[in-house]
Amino acid sequence: MDEPQPPRPAAISFREALLFWLKLGLISFGGPAGQISIMHQELVERRRWISERRFLHALNYCMLLPGPEAQQLATYIGWLMHRTWGGVIAGGLFVLPSLFILIVLSWLYIAFGEMPVVAGIFYGIKPAVTAIVIQAAHRIGSRALKNQWLWAIAAASFTAIFAFNLPFPLIVLGAALIGYVGGRLAPEKFKVGGHGAGQKTFGQALIDDDTPPPAHARFSWRRLVKLALIGAALWALPMGLLTAVSGWEGTLTQMAWFFTKAALLTFGGAYAVLPYVYQGAVSHYGWLTPTQMIDGLALGETTPGPLIMIVAFIGFVGAYVAQVFGPDQQFLAGAVAACLVTWFTFLPSFLFILAGGPWVESTHGELRFTAPLTAITAAVVGVILNLACFFAYHVLWPKGFNGALDWPSMLIAILAAVALLRFKRGVIEVLMVCAALGLVVHLLR
């Protein structure tokens, strides 16, 4: 005999939702996978604000977009529940706590990073970060790669970026095309969905499978044009002010332009964005070194919010070192740069959700929409694995393959991987232990 289902939750007030989104912004550790897991537990399983299928359908759309899918998912659900301001509040509170924390941590890092204690802590954290990226590839892959077709897409994606250095947007486009064609030729191979098929039920949800889209979630050309004009103004006004004050070649102007491109041209979540950001921030502009890039990722892993908030660290370090406001205002320069790059990185994410949400709400369960997303998810697995190889190279062979292998770092990386993959320990716990091990090794040398 079936167990009785709990009743549908009562309507959620804007204030109640705001308090939840603030709480989420403060506890959303663990990178994209951990943050999505937290949202699933809170919104689908515990509070039942949205059903499993609606949650996964929204997530699949966010995975298609450039930018951080966890923050975009929060924006989407906030928008669906409480219109535009609900989405802005949900997405904004997902980012702001991390921004303020990273400004402080970035200053401590750049001001005191050469101290033996701080250097030792980062020595242990870097190999742990490599293990965390490997875990991300494993977690997404275990959900996404359900048949030989998707395994082949992942392998081809890894080969394309590792061996041929193809740009990630081209890889995403190719995967989407394969998914579209494959969804027609072999639809059973592409019904997996980016993060599962959504077969579970936790009782009636406030936004359930059969709940019709609210009025504000229905497509309107007038609303789309209005949103596009507002978005263009929110981008052009600060960009124009920066150009007028410091010129097009100024550090802050170039940061704003670069992270606008990063926000628009990179797909697949934070781990897929990082190679593009590394190429620009380290290789092209020289705002920070490869070692500082890995250290920034370590800081991003230990703070709540989207992992792509490493952009705040990059902006802070770049402007601080360049002394954009002079030698007496280095902290102010770093803080302003961190806020600016965060604005230009996340503005498109809000616009994509608010503009595309009505279309997504009209495509529930349509294979022509979900099959390309399934293929893209498989391709992302290969790109993340490539990122793990990139980090492993810089951590384990700090002087290149011509130098010696750093055995203590390799041992810490193996221990971190075993703790994460075999014993399912938390990211923060693993980072703390590895930091302690790194400190011991560094002080004994």
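The values are calculated or read from the model by the stated rules, or taken from the named source; none is laboratory data. For clarity, every value in this text was computed on a predicted model and none was experimentally measured. Note that each Cβ is placed from the backbone with ideal geometry, even for glycine, and that neighbours are counted across all protein chains shown. Ligands, DNA and RNA are excluded from the accessible area calculation, which covers all protein heavy atoms including side chains. Shrake-Rupley method; radii C 1.70, N 1.55, O 1.52, S 1.80 Å.
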Take the residues of segment 321-341 that are open to solvent by less than 10 Å² (accessible area, probe 1.4 Å) and within 24 Å of A233 (Cα to Cα): which is nearest to the chain's Cα centre (by Cα)?
-> V341
Give me the pairs, please: first residue somewhere in segment 100-113 and over 14 Å from A298 (Cβ atoms) and open to solvent by 50 Å² or more (accessible area, probe 1.4 Å), second residue anywhere and in a helix (DSSP H, G or I) and modelled with pLDDT of 95 or more, beta-carbon distance under 6 Å, and either six or more positions apart or on two chains.
-> W107/F331
Give the number of residues within segment 282-296 that are in contact with a helix residue (DSSP H, G or I) (Cβ under 8 Å, 6 or more places away or on another chain) and of a type in the set (G, A, S).
-> 1
Does any residue in segment 155-179 that is of a type in the set (K, R) come within less than 9 Å, Cβ to Cβ, of a residue that is crowded, with 16+ Cβ neighbours inside 10 Å six or more places away or on a different chain, and which pairs are these?
-> none
Would you please name the residue that is surrounded by the fewest Cβ atoms within 10 Å (Cβ to Cβ), looking only at residues in segment 171-192 that are within 16 Å of F158 (Cα to Cα) and hydrophobic (A, V, I, L, M, F, W, C)?
-> L173
Answer yes if at least one residue in segment 366-376 is acidic (D, E), over 20 Å from Q35 (Cβ atoms) and either modelled with pLDDT under 90 or open to solvent by 20 Å² or more (accessible area, probe 1.4 Å) (or both), and no otherwise.
-> yes
Restricting segment 39-78 to residues that are aromatic (F, W, Y) and within 19 Å of the chain's Cα centre (by Cα), the one surrounded by the most Cβ atoms within 10 Å (Cβ to Cβ) turns out to be Y76
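From the list L22, L80, L18, L43, pick out the single residue that is aliphatic (A, V, I, L, M) and either touching a Phe, Trp or Tyr at 6+ places or on another chain (Cβ under 9 Å) or modelled with pLDDT under 90 (or both).
When all the criteria are applied, what remains is L43.
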Determine which member of the set L415, L387, L420, L411 is touching a helix residue (DSSP H, G or I) at 6+ places or on another chain (Cβ under 6 Å) and either modelled with pLDDT under 85 or farther than 29 Å from T159 by Cβ (or both).
-> L387
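Listed here are the residues, each with its yes/no results for (1) part of a helix (DSSP H, G or I); (2) among the small types (G, A, S).
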site: L347; (1), (2): yes, no
site: S362; (1), (2): no, yes
site: T374; (1), (2): yes, no
site: F390; (1), (2): yes, no
site: G400; (1), (2): no, yes
site: L405; (1), (2): no, no
site: M410; (1), (2): yes, no
Here is a list of conditions, (1) crowded, with 22+ Cβ neighbours inside 10 Å; (2) over 15 Å from the mean Cα position of the chain (by Cα), and H138 meets all of them except one; can you say which number that is?
-> (1)
Matching residues, segment 297-344, being at pLDDT 95 or above, under 27 Å from L224 (Cβ atoms) and not hydrophobic (A, V, I, L, M, F, W, C) = T342
When segment 132-153 is examined, which residues are found to be closer than 13 Å to I384 by Cβ and either without any contact (Cβ under 8 Å) to a residue 24 or more places away in the chain or not charged (D, E, K, R) (or both)?
-> I132, V133, I134, Q135, A136, A137, H138, I140, G141, S142, A144, L145
Pairs only if they're at least six apart or on different chains, beta carbon under 6 angstrom, first in segment 64-88 and over 18 Å from E361 (Cβ atoms), second among the polar types (S, T, N, Q); list them, first residue then second.
-> P66/T266; G67/S349; A70/Q35
